[in-house]
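Q: Below you will find the structure I want to go over with you.
The values are calculated or read from the model by the stated rules, or taken from the named source; none is laboratory data. Being a predicted model, the structure only gives us computed values, none of them experimental. Counting neighbours? That spans all protein chains shown, and the Cβs are built from the backbone with ideal geometry, glycine included.
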Amino acid sequence: MVEKKQLSVSAIENGTVIDHIPAQNLFKVISILGLDKFDNLITFGTNMESHRFGKKAIIKIADKFFEREEINRIALAAPLAKLNIIKNYAVVEKQVVEVPDSITGIVKCVNPKCITNVEAVKTKFQVIDKKNVSLKCHYCEKITDQEHMVYL
Amino acid sequence: MKNKSLVAINELSKEEIIKILDLAEEFEKNPVQNIMNKNVVATLFFEPSTRTRLSFESAVNRLGGKIIGFSEAANTSVSKGESLKDTILTVANYSDLIVMRHPIEGSARYASEVSPVPIINAGDGANQHPTQTLLDLYSIRKTQGTLQNLNIFLVGDLKYGRTVHSLLMAMSRFGASFTFVAPKELQMPNEYKMYLNELGLKYTEQTDLNENLEQADIIYMTRVQRERFSDPLEYEKVKNVYVLRNKMLANTKPNMRVLHPLPRVNEIHTDVDENPKAYYFPQAMNGVYTRMAIMAIILGLK
């Protein structure tokens, strides 16, 4: 009985479950997706045991389905995340987040002397390391790594 | 390369580099050619660089072209807050080719994306300065007769030096070996050493300029700048170590030449100037021929 009750609290009728977020990046993902400004019902859990990560986090967002562009945004903070699309309490689709070969917008270039930080120029990067997420600026050619990533 | 911008040296194929050097050689033999007489070239120098600007303007003049432009941003619309994009779009109406120097990194790439006319990058901050590299290659080929399998000594600030990084990348395509001579604080960054490892090219590192000079085909000197050191004492320790003196060249190879991108401060003593192995002033002259070739090719005149 108890177990069933717990399930009914966390299950969502329609929406998206984002799983396999590295626990330390949970709040980064929340901020990238702008979830802190959502009116939807959102539940999240963090520091859950995961044999892949050590500690993982999970977010459930009711009545929200993400565009590919939005999913790409979290690829930088949660490259191995999985999205479960829920309709009528059932998983109807699974989406994996993939780190793309190039990234336009989303993050700032780390170099203060880069043209993208001086004029209204959209940032553009080549992804040179997909595992640790390291970006080479198309304009100034400097490297922005995970640690120095600032989201736009 | 016709009608294409030149932003970075690594965009040029080996064949394109050789084509530029061959044409520069032709211009050196016959420098007065009135082939650019229907063209207007804009030289937009958002920060002063007298040498580079005069070299480009000399090249245009020798080929009969017209020049418009400015040598610093202070008295232009830029000081009123005009964006780079607007400046480029406006000047593109007045000219067939824009030569641009700008303190902001990536500005040349961006300008080339918005401009309807080709852009030649004459230096974007600490990022790229491809015409400097091409004139270095021209000087090396001219003095050595080849670009293949040479032993290049790079001396001075190898950590921040844009010139030495571009030269390393370009020369590595011709199977060069390198000796890096720098103080501990200013050594060649790992990414370049890894790049040479991948290509299977040899390099050695030393902190003493006096060692192994007899092995060099080219000694490429750069300035060790005071502002690069967090500890002023460290600068005081090394500042006189990286000064090339004439007596140090005694046992060098007959074909060896000393290059420097200029301006020189004190890293090459003036007693080297009289040595026939000093090549930095002819190197600057080569910049004119090389820039003639680059512009003639981009404008489709050759």
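Q: Does region A:88-107 contain at least one residue that is within 12 Å of chain B (Cβ to nearest Cβ) and small (Gly, Ala, Ser)?
A: no
Q: Examine region B:55-63 for a residue that is over 13 Å from B:VAL99 (Cα atoms), without any contact (Cβ under 8 Å) to a residue 60 or more places away in the chain and in a helix (DSSP H, G or I), and state whether such a residue exists.
A: yes
Q: Using the structure shown, decide if A:LYS108 is surrounded by 14 or more Cβ atoms within 10 Å (Cβ to Cβ), assigned by TED's automatic domain parsing to the domain that holds A:VAL127, of a type outside the set (Val, Ile, Thr) and touching a Leu at 6+ places or on another chain (Cβ under 8 Å).
A: It is true that A:LYS108 is surrounded by 14 or more Cβ atoms within 10 Å (Cβ to Cβ), assigned by TED's automatic domain parsing to the domain that holds A:VAL127, of a type outside the set (Val, Ile, Thr) and touching a Leu at 6+ places or on another chain (Cβ under 8 Å).
Q: Does region B:72-101 hold any residues that are more than 13 Å from chain A (Cβ to nearest Cβ), closer than 17 Å to B:SER5 by Cβ and hydroxyl-bearing (Ser, Thr, Tyr), and which are they?
A: Listed by number, the list holds a single entry, B:SER95.
Q: Right, another one. With respect to B:LEU44, is the statement that it is under 20 Å from B:ILE298 (Cβ atoms), aliphatic (A, V, I, L, M), more than 14 Å from chain A (Cβ to nearest Cβ) and assigned to a helix (DSSP H, G or I) true?
A: No: the conditions fail for B:LEU44.
Q: Hey, another quick one. For a quick check of your reading: which helices (runs of 4 or more DSSP H) sit entirely within region B:186-302 and have at least 3 residues that are at pLDDT 95 or above?
A: Because the criterion is at least 3 residues that are at pLDDT 95 or above, the helices (runs of 4 or more DSSP H) in region B:186-302 that meet it are B:190-199, B:280-298.
Rundown of residues vs (1) more than 7 Å from chain B (Cβ to nearest Cβ); (2) modelled with pLDDT of 95 or more, yes/no style:
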site: A:CYS114; (1), (2): no, yes
site: A:VAL121; (1), (2): no, yes
site: A:LYS124; (1), (2): yes, yes
site: A:ASP129; (1), (2): yes, no
site: A:VAL133; (1), (2): yes, no
site: A:LYS136; (1), (2): yes, yes
site: A:TYR139; (1), (2): no, yes
site: A:GLU147; (1), (2): yes, no
site: A:LEU152; (1), (2): yes, no
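Q: Identify, please: which residue in region B:102-117 is outside any loop (DSSP other than H, G, I, E, B) and more than 8 Å from chain A (Cβ to nearest Cβ) and is, among those, farthest from A:LYS142 (Cα to Cα)?
A: Here the answer is B:VAL114.
Q: Could you check how many residues of region A:11-41 are part of a strand (DSSP E or B) and out of contact with any helix residue (DSSP H, G or I) (no Cβ under 6 Å at 6 or more places or on another chain)?
A: Residues meeting the conditions: 7.
Q: Regarding A:ILE143, is this residue more than 14 Å from every other protein chain (Cβ to nearest Cβ), of a type in the set (Val, Ile, Thr) and touching a residue at least 24 places away in the same chain (Cβ under 8 Å)?
A: Taking the combined requirement at face value, the residue does not satisfy it.
Q: (1) within 24 Å of B:MET285 (Cβ to Cβ); (2) out of contact with any His (no Cβ under 9 Å at 6 or more places or on another chain); (3) within 13 Å of another protein chain (Cβ to nearest Cβ): which one isn't true of B:ASN121, the others all being true?
A: With (1) within 24 Å of B:MET285 (Cβ to Cβ); (2) out of contact with any His (no Cβ under 9 Å at 6 or more places or on another chain); (3) within 13 Å of another protein chain (Cβ to nearest Cβ) applied to B:ASN121, the lone miss is (2).
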